Amino acid sequence: MRPEYRYALMNTQTPHPPVLSMRNISITLGGRKILNSVSLDVERGELKVLIGPSGGGKSTFLQCMNLLVTPDAGSVSIEGASVNPHDKKALCRLRQDVGMIFQDFNLFDHLTAVKNVAIALRRVKGMSREAAEERAMHELGRVGLTDKADLYPAHLSGGQKQRVAIARALAMDPKVILLDEPTSALDPELVGEVLAVIRDLAKSGMTMIMATHQMDFATALASEILFMEQGNIIERGTPGSLLAPDSATRTRDFCTRLADM
Amino acid sequence: MLSTMDFFWERIVPNLDKGLWLTVQIIAPSAIIGFLLGVFIGTLRVFGSPKIRKVMDVYTAIIRGVPLVVQLFILYFGLPSIGIYFQPYTAAVLGFILCSGAYHSEYIRGALLSIKQGQLKAAYALGFTRVQTILWIVVPQAVRRALPGCGNEIIYLIKYSSLAYIVTCMELTGKAKALAAQTFRFTEVFFAVGLYYLFLTTVATWLLAWLERRLSIPGFGGKSR
Ligand SMILES: Nc1ncnc2c1ncn2[C@@H]1O[C@H](COP(=O)(O)OP(=O)(O)OP(=O)(O)O)[C@@H](O)[C@H]1O
Ligand SMILES: [Mg+2]
């Protein structure tokens, strides 16, 4: 076990604690309650999908998971160890273990694709330049971008940028990856290539939590769908149970309206 | 009396060449260290604690608000009264570094503020500390954005380096003044010294354009490769 974590074992009798466990997360921003005691456990290999109307708190919840946003109350645990948000070392460790993919990619604009992937390996993990770039090339290969390694973000398409971002997250060997609407900023014809990469990840057993409006994707792959509205998870269940034609769920209602748009 | 051409080749050029070398010796460290100081101060003005920010803002305000000549007078003629003595060269270079550091910090500060929040978030999400994020992600981008402004400041520095003669540093302008006073041929001497400065700023402009091209990255404005 890593000494940097302030370990507080939550449940000693289960051999495998959840990869990531969010307990009673609450946060108020700008005088408004954005998350209202939300909890979520993610087991190894699961893909949890967050859906819900705009402003429901999906992005905020995801950013609480790697403590980019510090909740007012509640706890974040990784593999059973709760993380103290004010311990800087523990924070950096947590964030190495929890990858994040953003809606607008956030590639480092001054670095080529391969250097985007390599920089955290060098500066955070302390790898040598050669080792980091070799690993980066391997990750770019996984997302099918070996031939784009030396291009700058300005010369990549949106879909390629998002795949580099995925390679960058994968290179850190995360235990779980958070994806915040990874295809929302893409032109429709580019959505497929990014979803294909995420699908392969899910099939290879990567643990993921993803906010998305791609319902076909969610239905096919999600272990559980969580419907968030006004800072609460108001429905949760397997795609089959929430989206069955005869189910009168908010989730199904929301998805029908999505499909109509 | 020598003809203009002979006067130029026999008196002006040998004299000014000596001053030129000293001018270069003043400009080079002032430009390089001044720029680095500007990056440092600019970064503190954006990312420092509120107290440090305040201190650096006050520093910049003072340097920008007081004429450079006065600053040089204080360094060279004023400080000895409290027991601090500088050689003329040291006083001049120190004054120019402090001054251009403050001006560079303005360009750097503006560039730092233009970096998108997403760049920082992405770095933090990978496990970068705040200092690592500033050092490896934010500053490299900001420096590229600030380069045209900072280049302009270096051109100014070449010209205000002529104030070094005020603290008895016999650089280009100092030599020119002495020669003119000695020979009373002001027009020729100062015309020549003007050409020397024009030569220096031209070379500097080339160097800066080359540097900008070297550091240029697609998507950062300006010429891309
Ligand atoms: N820093 C902040 N200060 C004040 N309010 C905030 C802040 N960040 C988010 N909010 C508010 O929190 C609410 C939830 O935002 P969030 O981005 O988490 O929703 P979302 O479900 O991701 O929505 P979308 O589908 O549009 O991405 C919104 O009403 C937003 O305006
Ligand atoms: Mg969102």
> Residues of A:81-93, mean number of Cβ from any other protein chain within 10 Å of their own Cβ, rounded to a whole number?
Replying inline: 1
> Which of the lysines could be linked to A:Lys58 by a straight reach, that is with a Cα gap under 23 Å, when you skip same-chain ones fewer than 8 residues away?
Replying inline: A:Lys33, A:Lys48, A:Lys161, A:Lys175, B:Lys116, B:Lys121
> Could you give the dipole magnitude of the protein assembly as shown about its Cα centre, charging the beta-carbon of Lys and Arg +1 and that of Asp and Glu -1, in debye to the nearest 20?
Replying inline: 1140
> Between A:Gln230 and A:Arg199, what FRET efficiency follows from the Cβ-Cβ distance if R0 is 30 Å, with the result rounded to 0.05?
Replying inline: 0.45
> Can you pull the percent of region A:84-200's accessible area that's carbon plus sulfur, 1.4 Å probe, other chains left in place?
Replying inline: 46
> Simple spin-label model, 7 Å along Cα-to-Cβ: B:Tyr160 to A:Lys88 in nm?
Replying inline: 3.5
> For the pair B and A, how large is the buried accessible area, both sides, in square angstrom to the nearest 100, if the probe is 1.4 Å?
Replying inline: 2100
>> Suppose R0 equals 35 Å. What FRET efficiency, 1/(1 + (r/R0)^6) with r the Cβ-Cβ distance, do B:Leu198 and B:Ala178 give to the nearest 0.05?
In response: 0.95
>> Using +1 at the C-beta of Lys and Arg and -1 at the C-beta of Asp and Glu, which of A:Ser59, A:Ile198, A:Thr249 has the Cα lying farthest in the positive direction of the dipole of chain A?
In response: A:Ser59
> Against the longest alpha carbon principal axis of chain B, how many degrees, from 0 to 90 and to the nearest 10, is the axis of helix B:172-183 turned?
Replying inline: 10
> To the nearest 20 debye, what is the magnitude of the charge dipole of chain A about its Cα centre, counting +1 on the Cβ of each Lys and Arg and -1 on the Cβ of each Asp and Glu?
Replying inline: 840
> Which lysines, on any chain, are close to B:Lys177 with Cα under 18 Å apart, when same-chain ones fewer than 8 places away are left out?
Replying inline: B:Lys18, B:Lys159
> Any idea what angle helix B:88-113 forms with the longest principal axis of chain B, computed on alpha-carbon atoms, 0 to 90 degrees, nearest 10?
Replying inline: 30
> Got a sec? Which residues of region B:126-145 lose 50 Å² or more of accessible surface with every protein chain in place, vs. that chain alone, 1.4 Å probe?
Replying inline: B:Leu126, B:Gly127, B:Phe128, B:Trp136
>> How compact is region A:40-154 by the rule of thumb for globular proteins, expressed as Cα Rg over 2.2 N^0.38 Å?
In response: 1.24
> Are there residues in region A:97-113 whose accessible area shrinks by at least 30 Å² when all protein chains are included rather than the chain by itself, and which are they (probe 1.4 Å, ligands and nucleic acids not counted)?
Replying inline: A:Phe102, A:Asn106, A:Phe108, A:Asp109, A:His110
>> With only alpha-carbon atoms in the gyration tensor, what are the semi-axes of the equivalent ellipsoid for the protein assembly as shown, in Å, largest first?
In response: 61, 24, 18
> Which values of log₁₀ I(q)/I(0), to two decimal places, follow from the Debye formula for chain B at q = 0.12, 0.14, 0.15, 0.17 Å⁻¹ with a uniform point scatterer at every Cα?
Replying inline: -0.75, -0.93, -1.02, -1.18
>> Per DSSP helix of 4 or more residues, -39500 (n - 2.57); summed, then divided by the residues of the protein assembly as shown. What does that give at 222 nm, rounded to the nearest 500?
In response: -17000 deg cm²/dmol
> Which whole-number value in Å² is the accessible area per residue of the protein assembly as shown, probe 1.4 Å?
Replying inline: 47
> For the pair B:Val24 and B:Arg64, how long in nm is the line joining their label points, each one 7 Å along Cα→Cβ?
Replying inline: 3.4
>> Run the simple label-point estimate for A:Arg257 and A:Thr219 please: 7 Å along Cα→C-beta, distance reported in nm.
In response: 1.9
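The values are calculated or read from the model by the stated rules, or taken from the named source; none is laboratory data. This structure is a prediction, so every number in the text was calculated from the model and none was measured. Every residue, glycine as well, gets a Cβ built from its backbone with ideal geometry; the counts of neighbours run over all protein chains shown. Keep in mind that these areas ignore ligands, DNA and RNA; they rest on the heavy atoms of the full protein, side chains included. Shrake-Rupley method; radii C 1.70, N 1.55, O 1.52, S 1.80 Å.
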